[in-house]
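Engineer: Sharing a structure with you now.
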Amino acid sequence: MDIFVCHFPSRSGGQRESEPARIEAATLLKNKVDSLFIHREKAHIVIMGDFNDHPTNKSLSQTLGAKSIRSPLRKKHLYNLFHHRTKEPEFGSYKYQGKWDPLDQFIISGNLFMEENPIQVKNNEAHIFKADFLLEDDDRYYGKKPYRTNVGPRYIGGFSDHLPIYIDLILNYL
């Protein structure tokens, strides 16, 4: 299994202005993934991290080529496990100006969805861990928001400005 843990460049300065840096990171990642697809018949690829882009943004959907799991499944393609959920209100791992966004994602090779494969993603889904202790009241907007470690330079004792994500893998080795 090949696991890539990514933290793509931030959106600081604006999404449009910073997009070329994330496209560059996605291009590098795509080259590594394509190499694995060439050299391994059954590539087991898991890509995860803070992409600072939505699943439908150019860096992930076009440059990396990560499709929705509702697309036809093929072994040597990449699938974003949150792509099909982007229009759900209140769905995301990061809250910015009152809106939840799925900036943290799992992208998986199609081989991990195949029933005959000894490693599979359980129920073909990823999850966002939204435990109460990771959240605090969002007084400015509404509802809850991640309980951050810092607000600017001030330490407030929380965990992160992003919520954790996870997948369950099924291992069927005999």
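Engineer: Give the stretch 154-174 a look and list any residue that's of a type in the set (A, V, I, L, M) and either closer than 15 Å to LEU134 by Cα or touching a residue at least 40 places away in the same chain (Cβ under 8 Å) (or both), or say none.
Structural biologist: Once the filter is applied, which keeps residues that are of a type in the set (A, V, I, L, M) and either closer than 15 Å to LEU134 by Cα or touching a residue at least 40 places away in the same chain (Cβ under 8 Å) (or both), the stretch 154-174 yields ILE156, LEU163, ILE165, ILE167, LEU169, ILE170, LEU171.
Engineer: Which of the residues belonging to the stretch 89-112 are in contact with a strand residue (DSSP E or B) (Cβ under 9 Å, 6 or more places away or on another chain) and open to solvent by 30 Å² or more (accessible area, probe 1.4 Å)?
Structural biologist: Across the stretch 89-112, the qualifying residues are PRO89, GLU90, TYR94.
Engineer: Filter the stretch 38-62 down to residues that are part of a helix (DSSP H, G or I) and surrounded by fewer than 18 Cβ atoms within 10 Å (Cβ to Cβ), then give me how many there are.
Structural biologist: Qualifying residue count for the region: 4.
Engineer: Now for a different question. Among (1) closer than 22 Å to MET48 by Cα; (2) open to solvent by 90 Å² or more (accessible area, probe 1.4 Å), which single condition is LEU163 missing?
Structural biologist: So LEU163 meets the others, but not (2).
Engineer: For the condition of a type in the set (A, V, I, L, M, F, W, C) and more than 17 Å from the chain's Cα centre (by Cα), what is the one hit in VAL151, VAL121?
Structural biologist: Only one candidate qualifies: VAL151.
Engineer: Let me ask another. Taking the stretch 31-74, which residues are without any contact (Cβ under 8 Å) to a residue 40 or more places away in the chain, β-branched (Val, Ile, Thr) and over 17 Å from LEU103 (Cβ atoms)?
Structural biologist: Result: ILE38, single match.
Engineer: Same structure again: Going by what's in this entry, would SER68 be described as surrounded by 14 or more Cβ atoms within 10 Å (Cβ to Cβ), in contact with an Asp or Glu (Cβ under 9 Å, 6 or more places away or on another chain) and among the small types (Gly, Ala, Ser)?
Structural biologist: no
Engineer: Going by what's in this entry, would HIS77 be described as crowded, with 16+ Cβ neighbours inside 10 Å, without any contact (Cβ under 8 Å) to a residue 60 or more places away in the chain, out of contact with any Gly (no Cβ under 7 Å at 6 or more places or on another chain) and closer than 23 Å to ILE165 by Cα?
Structural biologist: Taking the combined requirement at face value, the residue does not satisfy it.
The values are calculated or read from the model by the stated rules, or taken from the named source; none is laboratory data. Values in this document were obtained by computation on a predicted structure and should not be read as measured data. In this analysis, Cβ positions are derived from the backbone assuming ideal geometry, glycine residues included, and neighbour counts consider all displayed protein chains. What goes into the accessible areas is simple: the full protein's heavy atoms, side chains included, and nothing from ligands, DNA or RNA. Shrake-Rupley method; radii C 1.70, N 1.55, O 1.52, S 1.80 Å.
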